[in-house]
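Right, one structure below, let's go through it.
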Amino acid sequence: MNFSKAHFIGIAGAGMSATAKLLLDQGITVTGSDEGMYPPVSDFLRQHGIGCKAPYAAENLPLDADLIVIGKNAKLVPQTNPEVAAAYRSGKTIMSFPEVLGALSQGKETIVVAGSYGKSTSAALLAHCLESLPAQAGDGFDPSFFIGAIPLTPSMNARLGAGRLFVLEGDEYPSSNTDPRSKFLHYHPQHLLITPLAHDHLNVFPTPDDYVKPFDQLVTLLPPEATIIACVEGPLSPSLLSRLARPVTRYGVHAGEFQAADIAWGEKTFFTLKQGDSPIARIETTQLGEHNIQNIVGVAAFLLSLRLLTPGEIAAAVASFRGIRRRLDRKSEKTTIPIFEGFGSSYDKARSAIAAMKRHFPDRRLITVFEPHTFSWRNRDAISWYDDVFNGVAKVFIYEPASQGAGTHLQISQAEILARVTEAGCDAEPISDPDEALRTIRDLLQPNDAVLLLTSGNLGGLIDRIPFAAEQKFPR
């Protein structure tokens, strides 16, 4: 890209920060602004020397910036945000981060990893597998990649490599406040890995059919020689697959051409990867839950279908894969209480995280601390999610949701959420003040507990404070 300095308004978003890193890799100077930053993205920005000003203000715009990238947050509109208004008055080039990614990936063989859940982990695992082998000129290794989360492996969420392949996590959400197209439609895909589909983002996609339509559009962008690998096990996956008029390799844990068999659950889980009736490799993983086996099967199916790695190379890479921050990563090794954080942005992600905790810690009392952070969790049309989302949880603390002014849906209150969860038979308790909440949770903790933190926000700082309290009460 022919720019010398880029300024990101809303840089603390996972996708925005990763895109900023790719521009750094191109030698472009990057600055940014945001409000309410918290780890892991705030740590990522500091690590890469990217300055971030707060609050939003017109004077944040560098005079010498020749590119301005504006995020999708509802607050980033010129009517209410002085910095965004100044950007539009400046006459400088303005782009969304998906438009930047589309430009950066021109000339590469792009692999778009899309779906409702599992896409961040699958994109990270795919990049890790490709990175695990030495760069080989012309063979596609030394890949470029963009991951919409902060991974533990690879060591960063975005990188421009010298190889021909570019792995892009693709999001169906609108590109910006002025561009309603799904982000992944900017990525000119050459191949697709489609993880499970389930109705999400109800404020943008009111019906299941509305939700699936962008994936239909994504498939139409593929060249004739493209490879499509798709999961069959999501609630809406059959809806998409039934409409595809081109070859698709299907996968799942229990269904599809590629499957898992002979699963032995534990701190390290083992399973046999199968293609049809034929065993391919015995796989070892430290990742929790059936949904992560599903992710591994999908990535393996993709790599084997394109003949990029051998079964043995895949098995070795999966064994060394440490996962994604905020995707069931253990928050402390200094306490005997297992405490994990799940990315609770939707019903299906929450259920997968709870199921994983119950499977791996079946004899422990499961305590969940939940923040309804996304628009969907606060959408009255999705209140039925609360009827069974916490099934299997012994105690749930419900953090007070922040009103973020979406303006596109009717928000429900903490009291309404609490009533619905209680009516479903779950022991639920509201929390709002972080200090009081920490005392309550610390006093409740028993030696045989396991704790799941479910949020896409920061739980008022409790994500770090609860593990520390457990370290003091039950040190390892």
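The values are calculated or read from the model by the stated rules, or taken from the named source; none is laboratory data. In this text the structure is predicted, and so the values were computed from the model without any measurement. Positions of Cβ are generated from backbone atoms using ideal geometry, with glycine treated the same way; all protein chains shown enter the neighbour counts. Please note that ligands, DNA and RNA were not included when accessible areas were found on the heavy atoms of the full protein model with its side chains. Shrake-Rupley method; radii C 1.70, N 1.55, O 1.52, S 1.80 Å.
Here are the numbers for this structure:
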quantity: Where His291 falls short, out of the listed (1) open to solvent by less than 10 Å² (accessible area, probe 1.4 Å); (2) in contact with a Gly (Cβ under 8 Å, 6 or more places away or on another chain); calculated: (1)
quantity: Unmet criterion (only one of (1) assigned to a helix (DSSP H, G or I); (2) over 20 Å from Met1 (Cβ atoms)) for Lys75; calculated: (1)
quantity: Residue that is surrounded by the fewest Cβ atoms within 10 Å (Cβ to Cβ), among those in segment 55-80 that are among the small types (Gly, Ala, Ser) and closer than 17 Å to Ala14 by Cα; calculated: Ala74
quantity: Residues within segment 2-54 that are open to solvent by 60 Å² or more (accessible area, probe 1.4 Å), among the aliphatic types (A, V, I, L, M) and touching a helix residue (DSSP H, G or I) at 6+ places or on another chain (Cβ under 8 Å), tallied; calculated: 1
quantity: Complete set of residues in segment 222-249 that are buried (at least 20 other Cβ atoms within 10 Å of the Cβ) and part of a strand (DSSP E or B); calculated: Ile228, Ile229, Ala230, Cys231
quantity: Qualifying residues in segment 331-355 (those that are in contact with a Pro (Cβ under 6 Å, 6 or more places away or on another chain) and of a type outside the set (Ser, Thr, Tyr)) - the one farthest from Leu453 (Cα to Cα); calculated: Lys331
quantity: Any hit, segment 185-200, residues being buried (at least 17 other Cβ atoms within 10 Å of the Cβ), free of Cβ contacts under 8 Å to residues at least 60 places away in the same chain, within 30 Å of Ala382 (Cα to Cα) and touching a strand residue (DSSP E or B) at 6+ places or on another chain (Cβ under 8 Å); calculated: no
quantity: Hits in segment 18-37 (condition: in contact with a Gly (Cβ under 8 Å, 6 or more places away or on another chain) and either under 19 Å from Tyr187 (Cβ atoms) or not charged (D, E, K, R) (or both)); calculated: Ala18, Ala20, Thr31, Gly32, Ser33
quantity: Selected residue (criterion: least open to solvent (accessible area, probe 1.4 Å)) from residues of segment 82-109 that are over 17 Å from Pro174 (Cβ atoms) and assigned to a loop (DSSP other than H, G, I, E, B); calculated: Ser105
quantity: Of residues in segment 425-462 being modelled with pLDDT under 95 and in contact with an Asp or Glu (Cβ under 6 Å, 6 or more places away or on another chain), the one farthest from Ala14 (Cα to Cα); calculated: Ser432
quantity: Verdict on Val112 being outside any helix (DSSP H, G or I) and open to solvent by 10 Å² or more (accessible area, probe 1.4 Å); calculated: no
quantity: Residues (over 13 Å from Tyr399 (Cβ atoms) and open to solvent by less than 30 Å² (accessible area, probe 1.4 Å)) located in segment 453-476; calculated: Pro467, Ala469, Ala470
quantity: Only listed residue being open to solvent by 10 Å² or more (accessible area, probe 1.4 Å), closer than 30 Å to Leu126 by Cα and either out of contact with any Cys (no Cβ under 9 Å at 6 or more places or on another chain) or among the aromatic types (Phe, Trp, Tyr) (or both), chosen from Gly312, Gly392, Gly342, Gly323; calculated: Gly312
quantity: Residue list for segment 286-317, restricted to those being free of Cβ contacts under 8 Å to residues at least 40 places away in the same chain, more than 18 Å from Gly118 (Cβ to Cβ) and not in a helix (DSSP H, G or I); calculated: Arg307, Thr310
quantity: Filter pass, Glu333 being in contact (Cβ under 8 Å) with a residue 60 or more places away in the chain, open to solvent by 20 Å² or more (accessible area, probe 1.4 Å), farther than 22 Å from His128 by Cα and of a type outside the set (Val, Ile, Thr); calculated: yes
quantity: Subset of segment 149-183 that is more than 25 Å from Val318 (Cβ to Cβ) and within 15 Å of the chain's Cα centre (by Cα) - its residue that is surrounded by the fewest Cβ atoms within 10 Å (Cβ to Cβ); calculated: Tyr173
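Residues checked against (1) closer than 18 Å to Pro154 by Cβ; (2) in contact (Cβ under 8 Å) with a residue 40 or more places away in the chain:
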{"residue": "Asp64", "(1), (2)": "no, yes"}
{"residue": "Gly71", "(1), (2)": "no, yes"}
{"residue": "Ala85", "(1), (2)": "no, no"}
{"residue": "Ser90", "(1), (2)": "no, no"}
{"residue": "Leu101", "(1), (2)": "yes, yes"}
{"residue": "Thr110", "(1), (2)": "yes, yes"}
{"residue": "Ser120", "(1), (2)": "yes, yes"}
{"residue": "Ala127", "(1), (2)": "yes, yes"}
